[in-house]
Structure formats: structure tokens, C-alpha cells
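Structure first, commentary second.
The values are calculated or read from the model by the stated rules, or taken from the named source; none is laboratory data. In this text the structure is predicted, and so the values were computed from the model without any measurement. Here the Cβ is made from the backbone with ideal geometry for all residues, glycine too, and neighbour counts use every protein chain on show.
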């Protein structure tokens with residue numbers, strides 16, 4: 001093996017190059033090179049970086065597959081890299097923009113829709129014998145798994161796509177997950193989808209958004225109004241989920257300070273995930289209202305009267321078109337793994353369990369910051385036609401908002417006194433819940449996605 005020692009300016013130039021291709025977060029994350037270009041090496045003991053020039057055009061590669069904390073669902077467009085340094089994420093909500101980073105990657109790639117990757121040329125020391133290890137990071141937003149991986153074949157292929165790297169289900173050591181708050185609802189149970197994703201009980205905060213407090217479990221953090229009244233508390237969380245509920249808490253939105261807190265939270269990099277009847281937590285915020293035009297009439301940039309969009313016909317079902325190729329391919333990949341029927345050959349997902357008077361989106365103006373993921377034919381309130389059903393948009397290139405007119409399967413409704421997670425049950429995720437699981441990962445990701 002031929003070894004070329006790098007001078008200090010050469011090392012600095014390589015680090016700068018890695019920063020340019022590898023953003024999103026303080027660990028050097030972002031749109032990595034899918035072909036493994038830019039391979040330099042750094043000894044695990046912190047020694048001088050060297051170029052890995054294997055004989056005969058060979059190189060050291062590492063293959064594997066990144067999956068959700070549940071060990072099943074593939075993670076698409078995750079970043080896989082060997083870090084030059086590993087630094088902690090900033091506390092709480094922050095502008096996790098893919099072009100910003102305080103770290104760097106020596107070599108990086110991005111997983112395919114089925115979670116598989118091949119990384120190379122993998123850094124190795126000039127004199128590295130078989131059996132030594134390197135530090136490998138798999139990351140999706142602030143979901144980050146750090147693992148020492150043995151290199152058995154320097155200048156050869158290591159691992160296979162059968163080797164699984166599961167993202168963590170809780171914060172532990174260098175392994176991290178986003179700080180998440182879930183406001184429990186009357187009709188929706190996103191906390192159960194998080195459980196299906198593989199997050200452990202107590203790894204995210206539960207706030208009471210239903211008439212009776214959800215108790216008897218780790219993670220219960222307080223009442224919904226305690227969260228919205230306290231901007232500092234909101235900013236402790238990277239993502240806030242507001243489940244679909246009756247309107248018992250929406251009087252909070254008459255309070256100008258609460259509206260200001262929601263605006264400030266998203267503007268600071270917070271991620272707001274809202275379903276169905278809880279849409280007013282978007283619509284009543286002047287800076288957020290202009291993006292989605294809700295029923296029954298075109299309202300332009302001004303917030304509508306609360307609950308005005310609740311016109312959808314209950315009990316309907318629709319075959320919704322998946323408008324994003326990455327999501328469609330991922331749903332098909334999940335089918336291959338689980339054997340569940342999720343997406344049709346025509347690229348459609350069956351959506352059901354619409355509540356009576358569900359909140360309808362009329363239109364979403366298409367910009368670089370907005371994205372409609374699903375749309376389908378629906379009706380209600382004298383309106384009918386193909387409407388957006390799930391929308392995300394980025395706010396001030398810092399925060400992100402998701403709104404979905406449908407939610408988790410209606411069969412999961414629970415008695416208000418039931419403790420979490422006993423009401424989640426053990427049933428398989430429905431197709432629409434698979435869509436929402438994918439979007440949890442999208443909402444958690446940095447602004448300026450790698451897909």
C-alpha cells in the first residue's frame with residue numbers, strides 16, 4: 001500500500017471539502033456523496049490523516065442497512081459517515097440547516113430507499129491490520145447512531161446489506177433522538193406511531209390534551225396549556241406533535257402570547273406536527289396561516305374563523321395519490337420487508353377513518369418551501385374534488401410544519417382514563433400510519449433534505 005502523508009494545509013483543505021458536501025447538523029451531516037468520493041483516513045487514535053491508496057484500484061468499503069429503532073422499517077436518505085469529529089447537537093429547537101455544520105465527515109454516503117448503503121473508500125490507517133475498528137455514524141436529522149465497526153478486510157469489501165444498524169430508541173451516550181413532545185388527543189394517537197417506530201416509553205414527553213389526564217407512565221410532563229404558555233419549555237423540544245382533538249383547548253388561541261409563542265417556536269427551528277381538528281394551531285398564527293388555504297372559501301393570507309374548515313364528510317374512504325417518488329419507493333420497500341399491503345401499483349394509498357366534519361385543505365400554493373405529499377378525491381360541506389391531504393412546509397428556512405387532514409386509524413380511539421401505552425394495542429400499522437411514520441422522519445430531518 002502506498003502512503004502519502006498530508007501537510008497541515010492539505011488536511012484543512014480536505015476538511016473544508018467534506019464540509020461542503022456534508023451538512024445538516026453539528027456532526028457533519030447533510031447531503032453526502034452517494035458514491036463515496038473524498039475518502040481520506042484518520043486513525044482511531046487521532047493520528048495523522050493519510051490517503052487510503054489500495055493496490056490495483058481497490059479500496060476499503062463498508063456495506064450495511066439502516067433501520068428504524070424498531071429494527072424493521074428501512075430508513076431512506078439517512079446519512080452514513082465516518083466522522084472527523086463528533087460534537088453534540090445544540091439543545092432544543094435550532095435551525096438544523098443542511099448547509100451548516102461545526103463538524104466534518106471523512107467519507108459519507110446516503111442510504112437508498114430500502115435503507116441500504118455502501119460506504120467507501122473507508123478510512124484506515126496505513127499499517128492497519130485486519131480486525132481493527134472505525135467509528136461509523138448513521139443519522140436521520142437528530143436520530144443518530146454511533147457504532148464502532150470492525151474492518152476485517154482492509155482494501156476490500158466489509159459487511160453486507162444484511163448487517164443492520166438500528167437508529168436509537170432513546171438518548172444514551174453518543175446515541176441521540178430528537179427531544180419530542182406529544183399532546184395527547186381525543187381521536188389521534190401519534191404517540192402510538194412513535195412507539196411503533198421504536199421509541200421507548202419515557203423517551204418523549206406527553207402533555208395532556210384530552211379531558212382526563214393520561215397518567216401512570218413515564219414521560220408525563222404536564223398540561224397542554226403549560227406547554228403553550230411557556231416559550232422556553234416549547235423550545236426545549238425539537239418536535240411538538242398536536243394530535244387531533246375536540247375543541248376544549250382551542251380557546252388558548254385567543255391569547256396573543258400563545259399565538260406569539262407558536263410563531264417564535266417554529267421561527268426558532270421547532271417542528272410542529274398537527275392533524276385534523278387541531279389545524280387551528282397553524283391557521284390562527286398569522287405567519288403560518290398563508291401557506292395552506294383551508295375550506296370553505298379562499299381566505300388568502302388572513303386566518304379564518306376557528307373551526308371553519310371542519311366541513312369534510314365523515315366515514316368516507318379514498319385512494320390517495322402519493323406525489324413524492326421517494327415516499328412511494330419507500331412504501332414499496334416496506335411492503336417487501338413486512339409483507340403488508342401498503343401502496344398500489346398505481347402509486348396510491350388507501351386512506352380511511354375520516355371523522356365527521358374533518359378539516360379540509362382547499363389548496364396549497366406550490367413554492368420551494370411547500371410540499372403536498374398525498375392528495376385524493378374527497379367531499380363535504382358542498383365541496384368535492386381532489387384535495388391536498390398531507391402537506392409540509394418550511395418556515396423562514398429554519399422551522400418546519402406538517403398538517404394532515406387524516407390521522408391514525410380510527411380503531412385506536414381510547415378511553416380518556418387509559419394510561420399510555422396500554423391503549424396502543426399490538427395491531428400492525430395501517431397504510432396511512434406508514435405514511436405518517438415516513439413523515440415523522442421528514443419532519444425530524446434538517447432543512448434542505450438529502451433525498
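Observations, loosely collected:
Conditions tested, residue by residue: (1) surrounded by fewer than 22 Cβ atoms within 10 Å (Cβ to Cβ); (2) part of a helix (DSSP H, G or I); (3) touching a residue at least 24 places away in the same chain (Cβ under 8 Å).
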| position | (1), (2), (3) |
| --- | --- |
| 113 | yes, no, yes |
| 121 | no, no, yes |
| 135 | yes, no, yes |
| 146 | yes, no, yes |
| 191 | no, yes, yes |
| 202 | yes, no, yes |
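- Filtered by the rule that a residue be out of contact with any strand residue (DSSP E or B) (no Cβ under 7 Å at 6 or more places or on another chain) and within 18 Å of residue 442 (Cα to Cα), the range 377-408 gives 396, 408.
- Candidates are the residues of the range 220-241 that are at pLDDT 95 or above and in a helix (DSSP H, G or I); the one that is farthest from residue 185 (Cα to Cα) is 232.
- Residue under evaluation residue 270, criteria (1) surrounded by fewer than 23 Cβ atoms within 10 Å (Cβ to Cβ); (2) touching a strand residue (DSSP E or B) at 6+ places or on another chain (Cβ under 6 Å), criterion not met: (1)
- Of everything listed in (1) surrounded by fewer than 20 Cβ atoms within 10 Å (Cβ to Cβ); (2) in contact (Cβ under 8 Å) with a residue 60 or more places away in the chain; (3) assigned to a strand (DSSP E or B), the single unmet condition for residue 72 is (3).
- Check on residue 407, in a loop (DSSP other than H, G, I, E, B), at pLDDT below 95 and within 17 Å of the chain's Cα centre (by Cα): yes
- Verdict on residue 351 being crowded, with 22+ Cβ neighbours inside 10 Å, more than 30 Å from residue 227 (Cα to Cα) and assigned by TED's automatic domain parsing to the domain that holds residue 402: yes
- Qualifying residue in the range 247-258 (condition: in a strand (DSSP E or B), touching a residue at least 40 places away in the same chain (Cβ under 8 Å), in the same structural domain as residue 354 (by TED's automatic domain parsing) and on the phi < 0 side of the Ramachandran plot): no
- Of note, residue 319 does not satisfy the criterion of being part of a loop (DSSP other than H, G, I, E, B) and either farther than 23 Å from residue 278 by Cα or modelled with pLDDT of 95 or more (or both).
- Flag for residue 216 being at positive phi, at pLDDT 95 or above and either assigned by TED's automatic domain parsing to the domain that holds residue 307 or within 15 Å of the chain's Cα centre (by Cα) (or both): no
- In the range 323-345, residue farthest from residue 405 (Cα to Cα) [restricted to those that are assigned to a loop (DSSP other than H, G, I, E, B) and in contact with a strand residue (DSSP E or B) (Cβ under 8 Å, 6 or more places away or on another chain)]: 344
- No other residue among 437, 355, 374 is touching a helix residue (DSSP H, G or I) at 6+ places or on another chain (Cβ under 8 Å), assigned to a helix (DSSP H, G or I) and under 26 Å from residue 291 (Cα atoms) apart from 437.
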